[in-house]
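Where a number appears in this text, it was derived from the coordinates with a stated rule and is not lab data. Since this is a predicted model, take the numbers as computed values, not measurements. With ideal geometry, Cβ positions are generated from the backbone for all residues, glycine too; neighbour counts draw on all protein chains shown.
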Amino acid sequence: MQLLKDIATLGQLPALLKLKKGMKPRPADVADCFGARVENNAKFLGHHSAIVCEGKELNWTQFNALANQYASAFKSQGLVRNDTVCVMMENRVEFLALLVGLNKLGVTAGLLNTNLTGGSLQHCINVIKAKKCIFGGEVITAVDAIHKELNLVSGQDFLFVSDAATSTASCPEWAMDLDTMQQQASDQNPPETGLNTIGQTALYIYTSGTTGLPKAAVMSNRRYLISADMSGTAGLKTKPGNRIYLCLPLYHATGLLLGVGSSFTTGASMYVRRKFSASAFRSDIRDNSCTHMVYIGELCRYLTNTTAEPDDAEMPLHSIMGNGMRPDIWMAFKQRYGITRVCEIYGASEGNVAFANLMNKDLTVGMTSAEVILVQYDVDQDEIIRDDSGRCIPVAPGEAGLLLGKITPDTVFEGYTDPNATEGKILRDALADGDAWFNTGDLMRVVDVGYTLGYDHYQFVDRVGDTFRWKSENVSTNEVGEIINGFDQVKFCNVLGIEIPGADGRAGMASLTLNEGVETLDLDRFSAFVRDALPSYAVPVFLRIDEDIDVTGTFKMLKGDLRKQGYDIEQISGPVYVMKNGTTVYTSLDADYVNALNTASAGF
């Protein structure tokens with residue numbers, strides 16, 4: 001059996017060698033962008049299917065022509081290279097075509113989360129100094145509510161794209177009708193495309209904000225194409241005639257880089273859904289001959305827990321790529337749906353290192369070509385362990401440690417639009433004078449997966465510090481804590497993420513200390529407060545009332561004991577509350593619901 005696995009590993013070598021050649025560092029002034037890749041597909045694969053979405057199918061010639069029309073329309077509005085716009089639209093043909101059109105012109109697109117509203121939406125538009133706001137009819141209510149508060153001119157700087165699927169209203173008077181401009185525009189390739197370089201900023205992809213103030217991570221053409229080439233060549237391994245199933249929101253990097261990127265760089269077709277539907281999943285795959293898919297772990301867990309059908313393993317789907325596939329469902333998902341290749345990846349929108357399971361080993365995020373190191377980390381004290389000289393200490397083989405990625409000319413940390421936020425993620429003089437490392441905030445370990453052509457393979461262990469992941473979004477404990485501290489009954493709070501059996505990520509818990517004179521927390525009022533002030537995924541699932549907050553000698557809040565106790569009411573002396581799945585008000589946590597949580601039957 002091991003011999004067969006070793007032979008299978010050697011079978012990955014041609015793709016890896018091709019990838020290595022294609023990923024050789026190129027100077028920033030080399031001409032290339034994903035808009036150019038689409039033009040190339042139109043030239044050589046014109047009649048091959050490019051995209052299928054909501055009953056509409058375009059081949060590469062048609063998709064490229066549509067992108068060109070958008071580019072021409074944007075030029076008529078005065079947009080030029082290095083300008084920035086924001087785009088707010090759900091997954092659909094128009095969204096991807098106009099992104100390509102912007103990229104052809106060298107215009108940077110800030111991709112807005114379609115769930116944003118109010119102050120958080122206003123911040124995301126302003127922070128990138130957007131010259132135009134391009135939005136779909138499906139989000140008109142959110143944009144309408146804040147458009148007067150923006151540094152944009154009504155009737156001139158808002159570009160509206162209608163949405164037949166949601167039967168939205170016509171273009172509002174404060175916006176311009178981009179549909180009409182696009183239909184009247186030239187469909188010829190713009191000359192600007194050939195002048196774009198890989199060093200230019202292609203996109204701003206926002207980190208998950210919890211106070212409504214996400215950070216805009218810089219995505220150059222270089223990083224987009226490296227991820228796309230890696231995915232298409234050695235990850236998903238797509239080619240013309242294949243079809244990639246895409247149901248993740250494309251304003252996030254996973255779907256846009258791995259899935260759309262694979263299509264742009266290899267000519268494979270895309271089947272695009274606005275949103276994931278478990279009930280439609282199997283028919284979508286079969287009816288549209290989808291051979292590849294981009295996933296997140298939460299999606300795979302959900303599909304694993306649905307009722308099985310006898311022919312689940314006989315679908316055309318065979319190769320998947322994504323992140324967050326946990327060991328407890330990995331093998332079950334593969335066997336259930338007949339998957340032969342799982343390419344788990346690890347990375348961050350803003351990070352300078354990425355891992356990919358290109359050799360198809362089970363239960364690993366794979367390998368990286370970047371220089372990385374795992375250093376000792378005290379989880380209870382929530383801090384890096386240093387030696388007497390103040391240097392970080394590498395972990396012993398097999399031990400979990402904090403992952404650092406070395407910042408070099410070839411592994412640049414592009415960071416955020418905020419220089420202070422960028423510097424806050426860098427560790428300097430960590431191992432030697434003058435060095436600089438990107439702090440991922442994640443614990444990893446090296447694992448033995450057999451023959452690997454000399455590459456170490458890594459396994460994700462946990463997030464550390466001030467961020468945890470819940471409902472596929474990053475939640476900042478500091479930011480949530482600052483919001484909760486604004487409630488008039490709360491003296492101080494300590495926020496952390498705790499595990500729930502059967503759920504991906506960690507559920508939020510807030511340990512609250514009440515102000516003097518406050519006997520009990522007003523649950524109705526507090527529930528309304530957090531639901532109004534926080535995105536749904538950042539609202540803590542659990543509350544516990546404690547007499548005091550444990551801190552270190554430097555007044556840093558301790559979370560170790562709180563994590564160990566979790567929601568075990570037998571270990572917690574004070575009141576514990578829970579916002580049950582599907583409810584909007586906290587109620588007392590009792591033994592029956594604890595049992596439901598422990599048996600993974602609470603719906604999380």
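Data for the structure
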| read-out | value |
| --- | --- |
| Aspartates and glutamates whose Cα lies under 13 Å from that of Lys129, excluding same-chain neighbours fewer than 8 positions away | Asp83, Asp157, Asp418 |
| Cross-link partners of Lys239 among aspartates and glutamates (Cα-Cα below 15 Å; sequence separation of 8 or more within a chain) | Asp229 |
| Which listed pairs, of Lys471/Lys559; Lys406/Lys559; Lys334/Lys361; Lys215/Lys237, have C-alpha distances above 24 Å, in listed order | Lys406/Lys559; Lys215/Lys237 |
| Contact order relative to length of the chain, as percent, for alpha carbon pairs under 8 angstrom and 6 or more apart | 10 |
| For region 31-349, share of DSSP beta bridges that run antiparallel, in % to the nearest 5 | 20 |
| Rounded if a/c under 1.5, otherwise prolate or oblate - region 265-347, Cα gyration tensor axes | rounded |
| Extreme residue, positive dipole direction of region 365-464, given options Leu431, Tyr458, Ile393 (C-beta unit charges) | Tyr458 |
| The chain - charge dipole about Cα centre, Lys and Arg +1 at Cβ, Asp and Glu -1, debye rounded to 20 | 2360 |
| Cα gyration tensor shape for region 468-598, rounded if a/c is under 1.5, else prolate or oblate | rounded |
| Kirkwood Rh (inverse of mean 1/r, distinct Cα pairs), the chain, angstrom | 25.5 |
| Highest to lowest packing among 362-368, 428-434, scored as the average C-beta count within 10 Å | 362-368, 428-434 |
| Estimated dipole of region 108-246 in Debye, rounded to 20 [Cβ of Lys and Arg +1, of Asp and Glu -1, Cα centre] | 760 |
| Residue-wise HN-Hα coupling along region 594-604, computed from phi with Karplus coefficients 6.51, -1.76, 1.60 (Hz; x: Gly, Pro) | 4, 5, 5, 5, 5, 9, 6, 10, 8, x, 8 |
| Peptides 151-160, 260-269 ordered by average Cβ neighbours within 10 Å, highest first | 260-269, 151-160 |
| Placed amide H near Asn474: partners under 5 Å, 5+ positions off or other chain | Ser208 |
| Protection proxy ranking of 51-57, 216-222 - average other beta-carbon atoms within 10 Å, highest first | 216-222, 51-57 |
| Net lengthening on full extension, Arg81/Phe44 (0.36 nm per residue, minus Cα-Cα) | 10.6 nm |
